[in-house]
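Just below is one structure, and these are the notes that go with it.
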Amino acid sequence: MSDIEGETPQKIELPMVAPPDPEVLAEEKRWLTTLEDAPIIRRWGAFLRRGGPGYLQSSLTLGGGTAAATLLAGGAFGYQLLWVFPISMLLGLAVLSAVAHQTLSTGKRPLPAIREHAGPFYAHAFIAGAVLSSVIWHFAQYALASAAIEDIGAVTGNQIPRWGGGLLVLAWAVTWSFTYGRSPALLKLFERSMQVMVWLIVLCFAAVVVKTGIADPGGFLSGFIPGGVGEVYTPAADESKSMDALSIVVAGLAAAIGANMVFLYPYSLLARGWGKEHRSLARFDLFVGMFLPYLLTTSLIVIAAANTFGPDGIPFPGKGFKPIDAAQILGTTFGADSSRILFDLGLLGMVTSSITMHMVCCGFAACETFGWKVGSTRFRLACLLPAPGFLGAVYWGDIAFWIAVPTTILTGFLLPAVYIGILKMQRSKEYLGEDRPQGFRATLWQGLILLATVVLSVFLIWKTVTALPGWLEKLTG
C-alpha cells in the first residue's frame, strides 16, 4: 500500500539499498554538537568543508530554464531585470529552509507527513508536481542539450545529428542516475563533475564582465530594484520574435525553485541520514551551496548578455535566440570558435545535470509511493519515467532558448499548492511539537512562504490572462 493511502507512523526510516554508515553518522553528529558554541567564523569554516544537499539543489536549478531566462533578460532588457533572480531565489530559500527544518526536526518522510498534517490534496500535489515538472521539463532540456552538441560538432567539423546528441545525453543521465543509492562514491564524483561544469560557465561569463566592465553603473545598481514589467522588446521588423518582460519575470520566479526540487530536497537530507543536529549546517548549506552560486551565475549572465547585445552591440534576435547566438557573448574574450565550444560545454553541463536529477526525482517519487528501496532495480526503472523527453532532441530541431520560458511557466502552476502545504506544516503544532518556530522568527518565516506563494500565483495568473487573447487568436486562425 502506498504511503499516501495508508496509515502514517510517527517516524519512518528512508528505505535504501545502501544507507549511511551508522558509525560515520554518529561521529558526524558528535562533531556538529561540538560546533554549537564555537565562534561563528570557525563554525562556518567547518561547514564549508561539508558540502551537502544544497549543492545538489544548485546543480538542479542551474539548468536550461535559468540559462534561458537570464540570457533573454540581459539580451532584451539590459540590466532592468537583474532583480528577478535574487528575489526569486530568496523566496525559494525561505520555502526550502522550512522544508529542511521540518524534515530534520521530525525525521519523518515528507509525503506521509504532508498527507497526515496538511491533507491528501497537498500530498498528491506534492508528488504530482515533482513528477510532472520533471517529465515536462525533460523535453526542453534535451532540445537545448542536443543543440549545444550539434553546435560543438559544427565548430569542430564533425556533423552530429540532433538525435545522436540526444542519445549521448540520455546514456550519460541514465548511467549516473542509476548510481544513486548504490555507490556514494560515484554519486559524489557525479555531483562534483556537475559543479565543475557550472563553475566553468560562471568563470567564462565573469571573464567577459571583467573585460567589458559595467556599461551603465547607475543602471546596474537600479537593476536590482524591482520595477515595471509591462514593456515589450521587439527586434526590428519582426513582431513574431517580440517578447515581454513579464514572461521572463514569471520564468525567473518558476525556474529558481521547481516542484521537483521541493520534493527531492528533503529526501536527499534523509538519504544522508541528517537529523536535528544538522539543522544549522543545512541552512548554511542552502545559502552557500545554492543561493550564492545562483546569484553569481544569474547576475553574471545577465550582465554579459546586456553588455554584448543591444543598440551598441550585436543585434539581439529575440525569440529566435539560440545557443550559437549566446556563444557570441564570449567571442570578444576567447575567440569565435573557442567561445562557442566553451559556452556549449557550459550549457551542456547545466542541462545534463538537471536531466539526471529529474530522473533521480522520479525514482524517489516511485519509491515513496510504492514503498520501494532507493537504489533498487525498481528505483532505477522509475528513473526512466522522464526518458521520453529525449524526443525533444528529435522534434524540436530548430530549438531556441525561448522554448524554455513557456515550459517554465507551465510547470510553475504546480508550485503554489506545494507551497501552501509546506506553510500548513510549518504552522502545525501536532507535526513539529516543540520544534515549531515561535515569535517573530515564525512570523517572518511564514510570511516569506506566503509571499512566495502569492507572488508566484499573481504573476502566473497575470501572464495567463494577458496571453489568453493571443492564444485564442491562434486557435481560431
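The values are calculated or read from the model by the stated rules, or taken from the named source; none is laboratory data. Since we're looking at a predicted model, the values are computed, not measured. Cβ: placed from backbone, ideal geometry, glycine included. Neighbour counts: every protein chain shown.
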Only listed residue being modelled with pLDDT of 90 or more, buried (at least 23 other Cβ atoms within 10 Å of the Cβ) and among the aromatic types (Phe, Trp, Tyr), chosen from Phe263, Phe316: Phe263
Quick check on the stretch 145-167. Is at least one of its residues over 22 Å from the mean Cα position of the chain (by Cα) and under 30 Å from Lys276 (Cβ atoms)? no
Could you grab me the full set of residues in the stretch 27-49 that are surrounded by 12 or more Cβ atoms within 10 Å (Cβ to Cβ) and closer than 13 Å to Glu277 by Cα? Glu28, Lys29, Trp31, Leu32, Leu35, Phe47
Of the conditions (1) part of a helix (DSSP H, G or I); (2) farther than 23 Å from Leu56 by Cβ; (3) of a type in the set (A, V, I, L, M, F, W, C), Val135 satisfies every one except a single condition; which number is it? (2)
If Cys204 passes every condition in (1) at pLDDT 70 or above; (2) crowded, with 17+ Cβ neighbours inside 10 Å; (3) under 30 Å from Lys463 (Cβ atoms) but one, which one does it miss? (3)
Counted residues in the stretch 216-251 being among the hydrophobic types (A, V, I, L, M, F, W, C), at pLDDT 75 or above and either more than 24 Å from Gly412 (Cα to Cα) or not in a loop (DSSP other than H, G, I, E, B) (or both) come to 8
Pair list, Cβ under 7 Å, 6 or more apart: the stretch 374-392 residue under 17 Å from Pro19 (Cβ atoms), other residue surrounded by fewer than 21 Cβ atoms within 10 Å (Cβ to Cβ) and of a type outside the set (A, V, I, L, M, F, W, C): Val374/Pro15; Gly375/Arg182; Phe379/Lys373
When you check Trp163 against the structure, is it more than 17 Å from Asn260 (Cβ to Cβ), aromatic (Phe, Trp, Tyr), part of a helix (DSSP H, G or I) and modelled with pLDDT under 85, yes or no? yes
Is there a residue in the stretch 63-76 that is modelled with pLDDT under 85, part of a helix (DSSP H, G or I), touching a Gly at 6+ places or on another chain (Cβ under 9 Å) and surrounded by fewer than 24 Cβ atoms within 10 Å (Cβ to Cβ)? no
Could you tell me which of the residues Leu385, Leu448, Leu410 is modelled with pLDDT of 75 or more, assigned to a helix (DSSP H, G or I) and not β-branched (Val, Ile, Thr)? Leu448
